[in-house]
Amino acid sequence: MESGTATFISLDGEPPVRGFLHTPAQPNGSGIILTHGAGANCQSRLLMAMGNAFAAAGFFVLRCDLPFRQARPFGPPSPAGAARDREGLRRAVAVMKEKVKGAVYLGGHSYGGRQASMLLAEKPEVADGLLLLSYPLHPPEKPEQFRTAHFPELRKSAFFVSGTRDAFGTKEEMRSALKLIPAPQAILEVDGAGHELLKKTDTELPTRIVSEFQAFLKKRG
């Protein structure tokens, strides 16, 4: 299927919404927000590939820069700004709900996915489910610092995608962490992939992720 078109959007507000809206050639009525990790922006290779793959499957896609990245082009987020980053995601979902009548999902890579999951733990009514790419379970080489305190509060379905060589969480650690989530959850393990997830030579993974995500949603009912 065709992936449709991607158009830059910048909407004022507090915080602003800035990114690229993918309009599918054959809409399925649903939408998804995709956002980036701590060291990237919405133009990362992974997010661009995922945006095209979701649009080809009929989703409206908004891949957006979190507020911390809008404030400065480089550098990591500050813990003090995390709540504002979550508010940016909430506003992005509101923008998407003006485009589609069906379900809207929140997705993100690493830090972006963590903030998306924290937002839905706090406000489950915001979106219909989660796509978490390379969830940063703990800092590299610091397995005692788990970022799962909010997992028991998740009431919306969560689909994880994790590389088997991700320094932010081993296969065993990820599988164990998912048991903390009371909502439907599943994990797609990508053999040999690290935290960046998408290898330069891998052109099939984004389509596979979208297909598995849709199958998960369908099975969930």
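The values are calculated or read from the model by the stated rules, or taken from the named source; none is laboratory data. Because the structure is predicted, anything quoted here is derived from the model rather than measured. Backbone-built Cβ (ideal geometry, glycine too); neighbour counts: all protein chains shown.
Screening R208 with (1) within 17 Å of A103 (Cβ to Cβ); (2) without any contact (Cβ under 8 Å) to a residue 40 or more places away in the chain; (3) among the basic types (K, R) gives one miss only, at (1). Highlighted here are the strands (runs of 3 or more DSSP E) found entirely within region 4-86 that include at least 1 residues which are more than 14 Å from the chain's Cα centre (by Cα) and surrounded by fewer than 19 Cβ atoms within 10 Å (Cβ to Cβ): 5-11, 17-23. The set of residues from region 183-214 being under 14 Å from A158 (Cα atoms) and under 15 Å from the mean Cα position of the chain (by Cα) comprises Q185, A186, I187, L188, I209, V210, E212, F213, Q214. Note on region 104-145: residues that are at pLDDT below 95 and in contact with an Asp or Glu (Cβ under 8 Å, 6 or more places away or on another chain) total 1. When we screen T203, T164 for residues that are at pLDDT below 95 and either surrounded by fewer than 17 Cβ atoms within 10 Å (Cβ to Cβ) or charged (D, E, K, R) (or both), the only hit is T203. Of note, D166 satisfies the criterion of being more than 16 Å from A121 (Cβ to Cβ) and either in contact with a His (Cβ under 9 Å, 6 or more places away or on another chain) or not in a loop (DSSP other than H, G, I, E, B) (or both). Exactly one residue among L180, L217 is assigned to a helix (DSSP H, G or I), of a type outside the set (D, E, K, R) and under 15 Å from R155 (Cα atoms), and that residue is L217. Annotation note: Cβ proximity below 9 Å between a residue of region 156-170 that is more than 12 Å from L133 (Cβ to Cβ) and touching a residue at least 12 places away in the same chain (Cβ under 8 Å) and a residue that is charged (D, E, K, R) and outside any loop (DSSP other than H, G, I, E, B) (sequence gap 6+ or interchain) occurs for S157/R220; T164/K171; T164/E189.
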